[in-house]
Each structure stands twice: as C-alpha cells, then as structure tokens.
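K.L.:
Dropping a structure here in structure tokens format, bear with me for questions.
The values are calculated or read from the model by the stated rules, or taken from the named source; none is laboratory data. Small disclaimer: the values here were computed from a predicted structure and weren't measured. Neighbour counts run over all protein chains shown; Cβ positions are idealised from the backbone, glycine included. The accessibility values were calculated without ligands, DNA or RNA, using every heavy atom of the protein model including side chains. Shrake-Rupley method; radii C 1.70, N 1.55, O 1.52, S 1.80 Å.
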Amino acid sequence: MGTLIVIVEDEKDILELMEYHLAKEGFETIGFLTTKHVLEVLEEESVDLMLMDRNLPGAEGSEFVESLRKKGIQTPVIFVSAKHKDEEIEQGFERGGDDYITKPFSMKELVLRVKAMLRRTKKLSSEGNLIYRDISLNLAARSVDIEGKAIELTKLEFDLLHALIVNQNVVLDRDYLLEHVWGSEEVFQDRTVNVAINRLKEKIDPDKTKEYIKTVRGVGYTLC
C-alpha cells in the first residue's frame, strides 16, 4: 500500500474535491463525513496522515484529535477548518494538530502542505520488503533485486534508494536527504547528494531506459 490519508470533512463536495486532487498526486485516501468510524480505521490500517475538519456533526474535530492523542494514537494531523481566529488555531495545535489550514483554501496549497508534512513525519522502517515497480528491497538483508537480478549497492546508495521508495509520492529536497540518509552530524554540500544520486541511477538503470528517479530542478528528487 502507498501513502494512506484519512480525510474527515462533513461537506461532501469539498471531501470529494480533496480526494480527487490527492489521488492525482498518487495518494490513497479514505474519506469520512463524520468521526464515527475513524478510530477503527486508525487502529486497523497504517494511516500516514489525517486531514481533519473541526465543525463536524456530533463531534468537534480538535476535541476528537485530543481524544486520539490520549489513546496514544500519534498519526499526524492537519486541521482544515473555517475556524480562523488566532486563539482557535492555537487551540488546534494545543489539542494535537501538527499543521493548520484555514478555509477557504486552494487545493494546490493543500497538496503542498500534505507533501511537506509527509516529508517531516515519514519514518524509514528497517525490516520487511519494499517493492517499487520492478525493484525489490529486502530491508533485513539490505539487498536489492531488479527483475530478480541482484544489484550491488553501497550502504549509502541502499539508504538513498530506501528513502526515495518510502517517500515515493514526495519530492525530497537535499536538506531532507542529507539529514535522513547521511545523518546530521557533518556538513555536506548539495553536490554530495547530486553525485550520490547519479551513482545510484547508474547502478539501477545502466541503460537509462527505466528512468526511476526524476530530478525536480531547484527542489530535489522523486521517483517517477
């Protein structure tokens, strides 16, 4: 399963519009008009992010999030709400929100905020398998197969590919890669990332026919 986003929005037209634009970016979504069944989904599914309205039938969104936090559920939350006063926004953060978008909002802003939040919160797992197109990563053995053929990668190259696959719907900037792949104890230049990306491309796509990795000029890198 890819990145899964739960949306709780009581206006059906807005909910469908949000789902449409997020789906265009490659995200999976589950939409709700109330909070009634949200908890069971959070307990049963691996949810990466919640988009939460506050004016909901039967529950106030930030109070619901506060109750989730008390249950130990730490799924990141972006409030999307018409409550726009400073004290209302502060209240949203105090009750467990991670970001806040006030209505009316543009879908472009929503998508950018979602991607930024996922960049900050996505954690790299260290076990199991990851599949992307014809690439298979065995995280425990730290091995890589492409079309069943073993590919020799250095530790750095493996970690770089791992980060890209885990965040496959997100453009990762150089600062993120330096922090999460290289580690933050040393200072590196942007060229460090460029060189490593080019080496990785050569190893996983020597014929330059598959174009797994896309460079987004002035921003960073993402999988195609």
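K.L.:
State which residue pairs qualify: first residue surrounded by fewer than 14 Cβ atoms within 10 Å (Cβ to Cβ) and inside the stretch 69-80, second residue at pLDDT below 90 and in a loop (DSSP other than H, G, I, E, B) in any location, beta carbons under 7 Å apart, and separation of 6 or more residues or different chains.
P.N.:
none
Each row is one residue, and each column tells you yes or no for (1) of a type outside the set (A, V, I, L, M, F, W, C); (2) touching a helix residue (DSSP H, G or I) at 6+ places or on another chain (Cβ under 9 Å); (3) crowded, with 22+ Cβ neighbours inside 10 Å; (4) at pLDDT 95 or above.
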residue: 3; (1), (2), (3), (4): yes, yes, yes, no
residue: 20; (1), (2), (3), (4): yes, yes, no, yes
residue: 26; (1), (2), (3), (4): yes, no, no, no
residue: 34; (1), (2), (3), (4): yes, no, no, yes
residue: 57; (1), (2), (3), (4): yes, no, no, no
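K.L.:
Of the residues 203, 214, only one is in contact with a Leu (Cβ under 9 Å, 6 or more places away or on another chain), in a strand (DSSP E or B) and open to solvent by 70 Å² or more (accessible area, probe 1.4 Å); which?
P.N.:
After applying the criteria, what remains is 214.
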